[in-house]
Every structure is written in structure tokens, then in C-alpha cells.
Amino acid sequence: MNISHSSESVMEGLTGFRTSPSGVGILSPIGNVSHRVSNRPEPAAFPVASTSPNDKLADAVAADVYHPGFLGPGSYAVLLPQDEESIVPREREVSVASERSDWELTHQHPLTKSMRYQMASDVLKVFRHYNAIRELILWYNTSNEAGVIPAQLQVDAISSLESIVDKHDLRRAAPNPELISQVLESTSRPFTIAQTLEARDFHILCSGENLRFEIIGTLLATAGRSLTFGFAPDLFSDPVNRNLKSQFVDELLRASTTCLFLCTMLATVNDITIWMYYENYLFTTMMCGYAGPPSWRRVGELSTQIYALGIHKESTSANVPTWLKETRRRIFCSSYNQDKSISTFLGRPIRISKRHADVSLPLDLSDEITVGDQAALNQAIQALDRDGWNTKGRWLRASWIRLRYTSLKFREEVLEFSLTKLDGNARIQLLDISQRIRSSWDSLPRHLRYWKTCWDEGIPSTVCLMLVIIHLTHWYSEFMIQKLLDTGSLTSNFPLLRVSSDLLSNVLTLGTIRDRSYDVHRDLLHCILLFGVPAASVLATALREQHATGAQFPQEISRSEIVRMLSVLISHLDAAAHVENSGARQGEANYNLCRKASRIFTKVIDAVLDSKVSGPGVTPSSFEGPGLDGFEGMEFSGLGPLGLSGGNAIGSGGMGGVMADGGMGVDWGAVGQWSL
């Protein structure tokens, strides 16, 4: 698949333009310069603009664009003396808003008016495929288990947009200047939400006649993800259009990303801005991979917008509707979760820390209740248990957000050790985290803890998938701890081998899903890359060490089972290059990574099976079979290069029996569901 990065490179270079007072871009001439002397006065190279406060620039930036947003304790606004009229002391945790001004700023827009109009026009042209976009969004919100924005909010927004599409005939005609100006103007207006606003009326503020680019960017990213996951709208049922799918995906990503740049230049940060950045980040990771630089940039931009709006603090949501407060909690916790995942994968510092936030977990409520009648919402809240879980054993979108956030708070603690030099107290602290990980798991409602027979008990396969994902997310932190504690012989390190076997076994379990209503192989590959490959690297290293030294595995660890699991993993990695929606076909983001991992694991298996077992006197360094260093420095999960059993280790771990079931004997298949 060809991924178009042109929009991103162009946008990032736009601020290199100088603008004239008329708003037209100027390029300074470089090269041949005439040295003729003329008696005529030369026009000024830089005309002096009037400094009168009553004069306006032709294309000045509105002051609201640079409103700083949330200002926390210790900010300049807190330190300034209070007005004499104010006798109420400021609370330390309350955001301090700076004064707004009706004056325009005294500099031009970084994007000229013609550039903004061209960008806006390019985005609005996408709605020639409005029917397909609407179909994609409706399917996503009907089928997806792990959505964050309450489904009805997106459904109302895309439905309300149809009136604009019809009015301006966007299915057949290019957007006219009137519409472009209207949407740009709407986007530039401050977006405020009254405390009494009901969720069913929210779309009126951002769609229809009040259409804004923030909601457009959100919807296009969601539609793109839906298409990338494998849903095929009627547009592509025609054989003539099937080859246009990749072009449409590229166009959706380009248009959504253009909305990011436009809104950054035109609008103050608001709730829909956060939704747009979140959905665009997920879409970007699907197209560019976790290792792609755009993905890392997007999560940084997402965290920046979150802090600017202040939704990392509960106090900023004191005067918003309950449904919006719950949506803010969902989007913050989900952004926190995504931040930990990509930081783990790349071995980089986190952007969003629990130390800087005091956000409560979103309540375990359905989307329908969250955005429904206030009386019904209050009644549902009263029916929750004291920890905010539903008491009816339901699996809800909010349930998965709560579970991931609970688990990944431990990940943040472990990442601090994996990214720094360990001292003598690290072992004690890591063992304490390990104990709390187990206690936290045991305290979860029983129906939210994965059990291996759930697949055979009539539970929807999408729910079983999410239960596996939660299990992998939670226990991967234990894997990281055992990896940090490992210094001795890997073949005798039962805790690390046990948790590695459990992770890989449960990743491969996702291949057993036989629900053919979706064609979404990305979930399986997603779990393979985040959890399966790191766990398999430990098992392959142990297998190599055992082959070289003749040492025996602990009785509970089966050598033959390790070989079988690695073989099935290799088959999935190889198959991904030929599956349409895997994201790992040639030219796609994860192709090289999957091919390289398959090649390395295959060499290890071949060496172990084709050679005679070495005697006990042979050292690992004398083993001539291929190692796991073919990734050339690629690091997984902040644990060091793939295949190395060392790293930031500090002594041998003595914990056993990390989990009750190793997950052996699974009938592995090849189809997955979605979890993003």
C-alpha cells in the first residue's frame, strides 16, 4: 500500500512562508541580483504597517487562537496579584483562565487565506463519498467493542452533516466558496458548551449549519479506521472500484490530518479537538505502524492538546454536563493507555503521567445511558457498585477503558525502571509492583477476568477477544518485571518462562476466532507485535540456550510446546504478508518487521531441530546457530534489543506460578477481530 506523506511534509513546511500584509505568500529571490544603480527611489522591501490600534491587518490572527487554555498551579496567572475587587482566594487546583481580548493580533496568519481555502476545499471534496463515509461510521459504532467517543454523538454528527452535503450538492460538485468560508468561520469561533446542554443536541453546535473542521477530522479518521479494519461499503462492492480502496484510505488520512493543521491555526482547543487528535492518532498508527515517526508525533500532539484543555484535572469538568464529564474521562484514560502502549513498544519516555492527573475512572455505563436521559443516567449511576463497576455482569465499552487504565498505571511504574539505571532498591520495588499487579487482577469483577473456556460458552467472540486483550495488557507488565529481574540462566528462570509462555499462548488463541462477520486481521497482528514477539524472543533465547548447554527446563515448561508455539507464530508472521487487512503486506507499515521476525525465529527453530543437542560442557557463546540480533537494534517494549536475555537486569527473580494456566493445547487458526 502506498502511503501518502505529501500532506504532512507540505504542512510542516508551510510556516516557512513569509506573508505580505495582503495575505499573499512571498518568496525571497535568491540567485542573480542586479547591481544597476538607479536614481529612482526603490520601493521599501518591508513596507511599514500602521501601528494604530484602530487599523486592522488584512488577514490578522484572531486573539482567541492564542488563548493559553488551562493554567495550573504555579503558572504566571496564579502568581500575578489578584484584582482588588476579588476577595475570594484562588484554590490551588483550579484552572486560571487568562483574560480574553476582542483585538486581533498584530501579525498575519501563518497560513495565507488562499492556502487555508485550498486546504479546506480539499477536505470538503472528500464528501463526494458521503454515503460511503456515513456507512463506515455507522458500522464502526454498531460493531466496535472498544470505541471511546459515545456512539450516538458520532452518529448524530454524520447524520446532521447530510443536510450540508445535499444543500451544496457535494456528492457531485466541488465545494463552493460560500461553504468553505462558512466552515472556516465556524471553526474559528470559540466552542463553548453550556452545563444544561443535552447530548442529543450536541451535534447542533458542530455539524449541520455550524459544521466545524474538528468534527470533520474526527469523522474522517473514524471512517478511515473502519475501512482499514476491513469493512467494505457499497462503494467497493463494484469490481471496478475495488482497487480504489487504498486510494480512499490515503485520502481519508490526508484529509483528517489536514483538519489537524487547520484547527491548530484557526481554533482554540476544545473537546472535539481532543477527539480529532485521538482518532487521527489511531488511524496514523494503523497506516504508519507504531514505529513510524508520524505515530510518535501524533501521540505527543494529543498529550499537548489534553494538557491545554485541562481534562487531566477533574476540576476543569466541574461545570460541564455529566455526559461530557464521562466522555472526557473516557478520552483521557484511553489517551493515557495509548501513550503507554507506544512508549512501551519504542522504549521511550511517556508523555502522559498519572502523577500529573487526578482524573477518576469513567463509570461503567453503556453509551446509551451515558448520553441518554439525565434521570435514567442518575438512576444507573446509583446502581453501580462502590468502585464504579456495573453489577449486571455486562461487558461495555467503558469496561474495557477502565480495565486498560487500571492495568497500565502499573506499566507506568515499570517503565520508570526500564528507562533508567537500576539501583539496589529496584528489586524490592519491582517485586512490590508485581504483588500489586496480582492483587489488582484478583480484585476485578469475575466476568472481566479472562478464562479460557469463554469461547465455548456462547459469549460473543468480540467480547472474548477483548477479554484476551485485557489479560495480555495486564500481565505484560509482569513480563517486563521478570525481564528486568533476570540475570541468571534463562532456562531455569521459571517465572519469566511461565509468563512468556502464557503471553504467547494467549496471543495465538486469537487465531481461533471463527466469526466471519468481519475481515479484520489487524487485531491478531497488533497483539503479535505488542505482546507475542517480545514473549517469543525470550522463549527462543531460552530454547537456544537449552540447546547449547543441555540444561533442562523446569518441569512445568515444555520444550516441545515452545517449539510448536514459535512455529505457529512464524506461520502468522508469514501469512500477514498475504492478508489484505493485516497491515503487513509489502509496502505497508509492518511488512519489514514481520518478515524480519519470521526470518529470525525460523533460523532458531531450524538450528534447534536440525542439530544434535550439545553436551553440557558447551557454552552459549560457542553455539553456532543464528542468534536473535537480526533486528539490528530494534527494541521491543523498552526491554532492550530483541532476543537478549540481559538488559537492565538486577539479580534473579524467585517468583513462581505467576499465572494459573499456561494456555497450552490451543487449536490455533488465522482470523482475528479488532481491539482498537
Inspect segment 531-543 for any residue being in contact (Cβ under 8 Å) with a residue 40 or more places away in the chain and more than 21 Å from Phe345 (Cβ to Cβ) and give the result as yes or no. yes
One residue from Thr327, Thr284, Thr304 being farther than 23 Å from Leu365 by Cα and buried (at least 24 other Cβ atoms within 10 Å of the Cβ): Thr284
With respect to Phe236, determine if the residue is more than 22 Å from Gln118 (Cα to Cα), open to solvent by 10 Å² or more (accessible area, probe 1.4 Å) and modelled with pLDDT under 95. yes
Cβ pairs under 9 Å, 6+ apart, first in segment 145-165 and among the basic types (Lys, Arg), second at pLDDT 95 or above: none
Residue list for segment 448-491, restricted to those being part of a loop (DSSP other than H, G, I, E, B) and of a type in the set (Asp, Glu): Glu457, Asp486
Look through His526, His547 and report the one residue that is open to solvent by 10 Å² or more (accessible area, probe 1.4 Å) and either at pLDDT 90 or above or in a helix (DSSP H, G or I) (or both). His526
Counted residues in segment 390-439 being modelled with pLDDT of 95 or more, in a helix (DSSP H, G or I) and among the aromatic types (Phe, Trp, Tyr) come to 3
Go through (1) open to solvent by 40 Å² or more (accessible area, probe 1.4 Å); (2) free of Cβ contacts under 8 Å to residues at least 40 places away in the same chain for Lys452 and report which single condition fails. (2)
Could you please give the count of residues in segment 344-355 that are part of a helix (DSSP H, G or I) and either more than 10 Å from Tyr290 (Cβ to Cβ) or in contact with a His (Cβ under 6 Å, 6 or more places away or on another chain) (or both)? 2
Residues of segment 135-183 being assigned to a helix (DSSP H, G or I), of a type in the set (Val, Ile, Thr) and at pLDDT 95 or above, in sequence order, are Ile137, Val155, Ile158, Ile164, Val165, Ile180, Val183
When residues of segment 550-587 are filtered for being open to solvent by less than 50 Å² (accessible area, probe 1.4 Å), within 20 Å of Gly488 (Cβ to Cβ) and not in a loop (DSSP other than H, G, I, E, B), how many remain? 1
Residue hits (segment 588-597; open to solvent by 20 Å² or more (accessible area, probe 1.4 Å), touching a residue at least 12 places away in the same chain (Cβ under 8 Å) and assigned to a helix (DSSP H, G or I)) are Tyr591, Leu593, Arg595, Lys596
With the first residue restricted to segment 212-231 and required to be at positive phi, and the second required to be of a type in the set (Phe, Trp, Tyr) and open to solvent by less than 10 Å² (accessible area, probe 1.4 Å), Cβ contacts under 9 Å at 6 or more apart or on different chains are Gly230/Trp674
Could you tell me whether any residue of segment 188-200 is within 19 Å of Glu135 (Cβ to Cβ), open to solvent by 10 Å² or more (accessible area, probe 1.4 Å) and either aliphatic (A, V, I, L, M) or at pLDDT 95 or above (or both)? no
Thr491 fails exactly one of the following numbered conditions: (1) crowded, with 24+ Cβ neighbours inside 10 Å; (2) at positive phi. What is the number of that condition? (2)
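The values are calculated or read from the model by the stated rules, or taken from the named source; none is laboratory data. Predicted, not measured: the structure shown is a model, and the values here were computed from it. Every residue, glycine among them, receives a Cβ derived from its backbone with ideal geometry; neighbour counts consider all protein chains shown. Remember, those area values only see protein heavy atoms, side chains included, never the ligands or the DNA or RNA. Shrake-Rupley method; radii C 1.70, N 1.55, O 1.52, S 1.80 Å.
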